[in-house]
Amino acid sequence: MSATGLRITDLHARVEEKEILKGIDLVVEPGKVHALMGPNGSGKSTLAFSLTGHPKYQVTGGTVTLDGEDVLALPADKRARAGLFLSFQYPAAIPGVKVANFLHAARQAVRPDSLPPAKFRKLLMDKMETLDMDPVFMGRYLNDGFSGGEKKRLEMLQLAVLAPKYAVLDETDSGLDVDALRAVGDAIGSLRASDEGKDTGFLIITHYPRILQYVAADVVHIMIDGRIVKTGGPELANRVEREGYDTIREEIGAIA
Amino acid sequence: MPSATLAGRERPGRYWKIDLDTLELPAGDGGTVEIAAPAARGLIACTLEQAENDHAALLARVYGRTAAQSTKFGAMTVAQRGPGAFVYIPADVSVDEPILITYRGGTACYPYTVVLAERGARATVIERVEGGAGTTFCGIVEVVTEDHADVTVASLQLLPDDARAIATRDAKPGPNARVAWAIADLGAALTVGSADARIEHEGANVDIAALFFPRGTQHVDLITTVDHIAGHATSETIVKSAAAGRGQARYLGNIRIVKDAQGSLAHLHDDALLLSKTAHIDSVPALEIAANDVKAYHGATVGAIDAELLFYMESRGIARDAAERMIALGFFEPAIARFPTESLREEIREGLRAKIG
């Protein structure tokens with residue numbers, strides 16, 4: 001079916017009065033890994049929030065469909081239930097809400113045919129082991145007092161538990177040490193190897209190419225100033241690694 | 001100081017429609033008390049009447065020894081004389097299971113609870129009030145502990161929405177002793193509560209946790225006061241409140257540290273969550289500190305549910321109303337955690353869930 005995929009067409013979005021996205025075209029196919037790279041302020045996070053329905057981000061034009069369904073017409077919770085997931089760069093801390101209860105509520109919401117409690121616990125334990133997380137996490141309040149690395153692991157745990165159709169990872173790699181980075185890579189890898197997650201499409205937003213050493217990207221996009229200016233294979237990430245964004249900027253400057 | 005009197009800038013503004021100074025209450029028409037206590041060596045848990053007859057000397061060590069009777073509503077409790085309970089925990093006795101005191105009232109009930117813990121004694125008291133439509137409760141709880149004793153008094157009030165619940169609570173912890181108040185006011189049209197402690201001995205520790213949640217047209221007025229008269233003692237006060245509909249509340253958190261109470265450590269933290277545009281909570285932390293070598297902290301927040309928290313939950317598929325409910329319930333958790341027994345905590349959560357709707 002031609003409508004398959006997370007299809008973003010000519011997407012424009014603004015924050016307050018400032019236009020940030022100036023026409024994004026991008027298709028993430030099921031089971032594929034797309035990397036979206038770009039310098040700070042290029043609009044990467046705005047794309048992530050616009051896709052997932054953050055109230056502060058206003059879509060002013062374009063379409064987004066998820067396997068044919070109009071995503072922009074849905075409130076944030078229904079986008080998640082349609083199969084869209086966002087790993088936050090700065091996840092919110094919610095005191096008083098236990099991780100286990102939150103995960104259970106989220107799983108129930110996204111997959112209403114959900115597992116009986118015992119199987120759900122088993123699923124959690126398995127996924128936590130993959131992520132090298134202590135089971136005491138389950139009794140802690142959501143992100144409350146968590147270190148940066150713990151928050152990112154919890155985001156990956158949610159990814160694993162919810163097994164979305166499409167996952168947008170917003171700088172999940174930022175601020176992580178090598179061990180945490182490997183855990184993130186393992187979490188994505190094990191989801192892709194599972195029945196639930198074998199068709200999950202990824203949009204991995206990153207500033208640096210190093211996460212791509214742990215998750216191989218099929219396609220790499222470069223975003224500058226609210227537009228995708230270049231799309232290529234994994235070699236594009238290597239180029240960013242070597243040269244930074246300046247030569248790409250010069251190149252597109254020359255074209256424009 | 002009559003703790004129900006509103007003074008100076010705390011005087012009711014346009015939101016506060018009930019004048020506590022002129023509030024009149026119906027005459028008492030009795031009421032009953034049910035006391036359930038576990039077996040423990042020398043423990044006395046009986047009615048106040050029985051204590052007056054059989055344990056007058058013990059009772060005299062607590063009854064009227066705090067400032068509770070000198071408040072406006074405390075004086076009414078004494079004058080109207082309803083059912084009462086007396087709990088005495090002898091030295092070095094640790095009562096592991098909570099002592100349950102339940103008052104049942106008719107039109108107006110004026111209950112009086114007295115707790116005496118001797119040196120090294122430990123106990124938890126859970127007090128409830130139960131009544132029908134339109135009932136009024138106006139009670140006192142007095143606690144005196146000797147050195148190294150540890151007493152927690154928790155109260156849960158789930159009266160009908162047209163009831164009035166007034167409670168005056170005062171405690172005097174002994175040297176190195178602990179007194180904890182845990183107060184959950186979820187029912188009644190009007191709740192007027194105080195939870196006070198006067199620290200006259202070094203090494204004492206006072207914990208106050210309170211939560212309340214007016215909705216509809218409910219009013220809550222709560223005052224907590226910790227007086228640090230002796231130094232090298234600690235107090236921690238945590239208050240969590242929410243208001244929905246046209247619910248209104250005022251919380252006044254007093255911490256007073258006198259000049260000679262050097263080395264005191266006092267924390268006061270209160271958070272108020274507004275769940276509707278017409279709800280109102282006045283939150284007034286009031287610290288008077290005359291000593292120079294003390295640590296006193298206070299923090300207060302008032303606000304609606306954070307939009308970022310909501311979006312985070314919604315982005316996980318949780319519908320907005322369910323997300324709001326989870327966040328609001330979670331908001332109370334740090335105060336709920338201070339209550340004894342999981343079944344009481346669960347009952348409080350259940351009461352909150354019903355109010356959040």
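All of the numbers you see were taken from the coordinates with simple rules; none came from a lab. As the structure is a prediction and not an experimental result, all values here were calculated from the model. Reconstructed Cβ throughout: ideal geometry from the backbone, glycine too, with neighbour counts over all protein chains shown.
So the values come out like this:
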| read-out | value |
| --- | --- |
| Order by protection proxy (mean Cβ within 10 Å, highest first), peptides A:225-232, A:181-188 | A:181-188, A:225-232 |
| Span per principal axis, largest first, for the Cα atoms of the protein assembly as shown (Å) | 96, 52, 49 |
| Assigned charges on the beta-carbon of Lys, Arg, Asp, Glu; the stretch B:206-357 dipole about Cα centre (debye) | 400 debye |
| Span-like helix ranges in chain B, DSSP H, alpha carbon extent 30 angstrom or more, Kyte mean at least 0.0 | none |
| Per-residue mean of C-beta atoms belonging to partner chains within 10 Å, peptide A:76-86 | 5 |
| Rg over Rh [alpha-carbon atoms, Kirkwood Rh] for the stretch B:70-157 | 1.02 |
| Neighbourhood charge, 9 Å Cβ-Cβ cut-off, centred on B:K240 and excluding it, Lys, Arg +1 and Asp, Glu -1 | -3 |
| Charge tally in the Cβ shell below 12 Å around A:D199, where Lys, Arg are +1 and Asp, Glu are -1, A:D199 excluded | 0 |
| Length-normalised contact order of the stretch B:81-134 in % [C-alpha pairs under 8 Å, at least 6 apart] | 49 percent |
| Inter-chain shielding of A:93-105 (mean C-beta neighbours from other protein chains, 10 Å cut-off) | 5 |
| Gap separating the Cα centres of the stretch A:120-156 and the stretch B:230-263, nearest whole Å | 35 Å |
| Global geometry of the stretch A:1-43, whether rounded, prolate or oblate, following the gyration tensor of its Cα atoms and the 1.5 cut on a/c | oblate |
| Candidates B:A335, B:A39, B:A182: whichever shows maximal mean-square fluctuation once chain B is modelled as a Gaussian network with Cα springs under 10 Å | B:A39 |
| Over 26 Å between alpha carbons, listed pairs A:K122/B:K240; A:K32/A:K78; B:K72/B:K277 | A:K122/B:K240; B:K72/B:K277 |
| Percentage relative contact order, chain B, counting C-alpha pairs under 8 Å, at least six apart | 11 percent |
| Between the stretch B:48-74 and the stretch B:271-327, the alpha-carbon center distance in angstrom | 38 Å |
| Dipole magnitude of chain A about its Cα centre (Cβ charges: Lys, Arg +1; Asp, Glu -1), debye to nearest 20 | 620 debye |
| GNM result for chain A, Cα springs below 10 Å: residue of A:V136, A:V71, A:V215 fluctuating most strongly | A:V136 |
| Set of lysines with alpha-carbon distance to B:K259 below 26 Å, sequence-local pairs under 8 removed | B:K172, B:K295 |
| Only Lys, Arg (+1) and Asp, Glu (-1) charged, at Cβ; the protein assembly as shown dipole about Cα centre in debye | 860 debye |
| Global form of the stretch B:142-192, assessed from the alpha-carbon gyration tensor, a/c cut-off 1.5 | prolate |
| 5 Å-binned pair-distance histogram of the stretch A:111-247 (Cα, whole percent) | 2, 9, 18, 21, 18, 14, 9, 6, 3, 1, 0 |
| Chain A: most fluctuating residue of A:P116, A:P135, A:P234 per GNM, C-alpha cutoff 10 Å | A:P116 |
| Neighbour net charge for B:S264 - beta-carbon separation under 14 angstrom, K R +1, D E -1 | -3 |
| Of A:I8, B:S235, A:V168, farthest towards positive along the dipole that unit charges on Lys, Arg, Asp, Glu beta carbons give the protein assembly as shown | A:I8 |
| Whole-angstrom Cα spans of chain B along principal axes, big to small | 61, 50, 41 |
| Shielding by other protein chains, B:301-313, mean Cβ within 10 Å | 5 |
| Quarter of the Cα convex hull surface for the stretch A:83-141, i.e. its orientation-mean projected area (nm²) | 4.7 nm² |
| Relative contact order of the stretch A:152-232, pairs being alpha-carbon contacts under 8 Å that are 6 or more residues apart, as % | 32 percent |
| In order through the stretch B:50-56: 3J(HN,Hα) via Karplus (6.51 cos²θ - 1.76 cosθ + 1.60), integer Hz, x for Gly, Pro | 5, 5, 4, 7, 9, 10, 4 |
| Cα gyration tensor category, rounded, prolate or oblate, for chain A with a/c compared to 1.5 | prolate |
| Extent along principal axes [Cα atoms of the stretch A:42-126; Å; largest to smallest] | 45, 30, 20 |
| Centre separation in Å (Cα based) which lies between the stretch B:104-140 and the stretch A:190-215 | 60 Å |
| Flagged links, alpha-carbon separation over 27 Å, of A:K98/A:K198; A:K127/B:K355; A:K56/A:K151; A:K151/B:K355; A:K127/A:K198 | A:K98/A:K198; A:K127/B:K355; A:K151/B:K355 |
